[in-house]
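Each remark here refers to the structure printed beneath this line.
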Amino acid sequence: MTALPQDILKVLGSPAVLIAPDERIVAANDAAEQVLGKNIEGRHFITALRQPVLLDTIEQVQRDATQRETEFLTTKDQHDITFRVTCGPVPMPAGHGVLVSFEDITPMEQAGQMRRDFVANVSHELRTPLTALLGFIETLAGPARNDPEAQARFLKIMGSEAERMNRLVSDLLSLSRVEADERVRPVDDVDLVGLAQQTHHGLSHMAREAGIEMVIDVPDSPVVVPGDADQLRQVLNNLTENAIKYSGSGSRVKISIGQPSYENRLRETGVSLLVSDTGPGIDPIHIPRLTERFYRVDSHRSRELGGTGLGLAIVKHIINRHRGRLRVDSQEGVGTTFTVILPVET
Ligand code: ADP
């Protein structure tokens, strides 16, 4: 018994249609009907497939019976979808037909776009300090050659531009390291209370300089979670540094840790680590995008404060690796709280 083409196509998960030598569609599976419309079986392929590039490709395969690939673009629920389409000859009683099969390559296209955006962003971020450095080098070699005062001033600015590049490269390295081992569960026992105390101590000078009061509210005994101590230290550091940087003189920054309890969002026992400030707050429209790489609410202010736009992206990846959650609550004019919820069991 020979299988009918319709029956073979039905088994395929991705869209596929078979065009007979008389140019009519003899078989289309459900997935194809979702993309191309219902009841396309029996119709001439031109009325069902419509896109000129695809139609040209099919006609070429009809002519020379050689397999070809092309793309088919469509939209679903207002999202663009890209299919890679393979058109290949199939022997049939009255000549050869064409099997047209579709593969959704949208995720690959999106990943490619993300990579291109990332490279463009990194280049842009590096170019700004680099342009400044080149400008100062030229001035030092020319007009300011015999002006020690200007030289000292320019060297200071050059130093801070070079530091900006250095910070960016360190953050990029951290990000790629964190991404690389995102699927490797951290297993060390880490005491969050000790880490919070270290962060408080380490950043107290920065807070004082910025005119910020920094307080810590943690349990008396250790709160231990399975984790990577360096990475959790970086989470606390990035969140606390942000709170200090963005809240402005006269504000208060608080690091606190709760007692382990059942966490709905984790569906298991977890512990909350909070970094809150009484700064200007963040407009709610920005909150969902804060952890994107290079996303800043106010680029000028972030750069002025030495930000790279990567701090929260690093935080998000570290928390993912720890199977935790990050929540941001903010009210403009009142302040912002970043809450990290971490599971307490491996
Ligand atoms: P950056 O290097 O710019 O600080 P981050 O990824 O750490 O990058 O933060 C992204 C953006 O989120 C910042 O540019 C800032 O606009 C905003 N932000 C982060 N923390 C706070 C905070 N505590 N208060 C107000 N805005 C904040």
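Results, tabulated for the structure shown:
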{"item": "Test: residue in region 298-307 that is over 15 Å from E241 (Cα atoms) and near the ligand (Cβ under 7 Å from one of its atoms)", "result": "yes"}
{"item": "Among (1) more than 7 Å from the ligand (Cβ to nearest atom); (2) over 26 Å from P186 (Cβ atoms); (3) in contact (Cβ under 8 Å) with a residue 40 or more places away in the chain - the single one T336 does not satisfy", "result": "(1)"}
{"item": "Positions within region 9-41 being surrounded by fewer than 21 Cβ atoms within 10 Å (Cβ to Cβ), assigned to a strand (DSSP E or B) and among the hydrophobic types (A, V, I, L, M, F, W, C), in sequence order", "result": "V26"}
{"item": "Matching residues, region 239-266, being touching a strand residue (DSSP E or B) at 6+ places or on another chain (Cβ under 8 Å) and more than 16 Å from the ligand (Cβ to nearest atom)", "result": "I257, G258, Q259, P260, S261, Y262, E263, R265, L266"}
{"item": "The listed residue being more than 22 Å from R127 (Cα to Cα) and out of contact with any His (no Cβ under 9 Å at 6 or more places or on another chain), out of G159, G202", "result": "G202"}
{"item": "Some residue of region 134-141 being over 30 Å from S251 (Cβ atoms) and polar (S, T, N, Q)", "result": "yes"}
{"item": "Residue among L203, L192 that is within 19 Å of R325 (Cβ to Cβ) and either surrounded by 15 or more Cβ atoms within 10 Å (Cβ to Cβ) or touching a helix residue (DSSP H, G or I) at 6+ places or on another chain (Cβ under 8 Å) (or both)", "result": "L192"}
{"item": "Residues within region 309-333 that are within 12 Å of the ligand (Cβ to nearest atom), under 23 Å from D181 (Cα atoms) and not in a helix (DSSP H, G or I), tallied", "result": "3"}
{"item": "Every residue from region 167-196 that is free of Cβ contacts under 8 Å to residues at least 60 places away in the same chain and farther than 30 Å from L126 by Cα", "result": "D188, D189, V190, D191, G194, L195"}
{"item": "Meets criteria (assigned by TED's automatic domain parsing to the domain that holds I282 and farther than 30 Å from M165 by Cβ) for G311", "result": "no"}
{"item": "Filter result for G279 (over 30 Å from V184 (Cβ atoms), touching a strand residue (DSSP E or B) at 6+ places or on another chain (Cβ under 7 Å) and near the ligand (Cβ under 9 Å from one of its atoms))", "result": "yes"}
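For (1) surrounded by 18 or more Cβ atoms within 10 Å (Cβ to Cβ); (2) not in a helix (DSSP H, G or I), each residue gets a yes or a no:
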site	(1), (2)
T57	yes, no
Q60	no, no
E71	no, yes
T75	no, yes
T86	no, yes
V98	yes, yes
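Quick grid of which residues meet (1) of a type in the set (G, A, S); (2) outside the structural domain of V122 (by TED's automatic domain parsing); (3) surrounded by 18 or more Cβ atoms within 10 Å (Cβ to Cβ):
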{"site": "Y262", "(1), (2), (3)": "no, yes, no"}
{"site": "R265", "(1), (2), (3)": "no, yes, no"}
{"site": "V271", "(1), (2), (3)": "no, yes, yes"}
{"site": "I282", "(1), (2), (3)": "no, yes, yes"}
{"site": "H286", "(1), (2), (3)": "no, yes, no"}
{"site": "S299", "(1), (2), (3)": "yes, yes, no"}
{"site": "R303", "(1), (2), (3)": "no, yes, no"}
{"site": "H317", "(1), (2), (3)": "no, yes, yes"}
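So that you can scan it fast, the table gives a plain yes or no per residue for (1) farther than 30 Å from A111 by Cα; (2) at pLDDT 95 or above; (3) under 35 Å from the mean Cα position of the chain (by Cα):
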position: L4; (1), (2), (3): yes, no, no
position: G13; (1), (2), (3): no, no, yes
position: Q62; (1), (2), (3): yes, yes, no
position: E69; (1), (2), (3): no, yes, yes
position: D77; (1), (2), (3): no, no, yes
position: D80; (1), (2), (3): no, no, yes
position: P93; (1), (2), (3): yes, no, no
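The values are calculated or read from the model by the stated rules, or taken from the named source; none is laboratory data. On a predicted model such as this, the values are computed, not experimentally measured, just so you know. Heads up, the Cβs are rebuilt from the backbone with ideal geometry, glycines too, and the neighbour counts pull from every protein chain shown.
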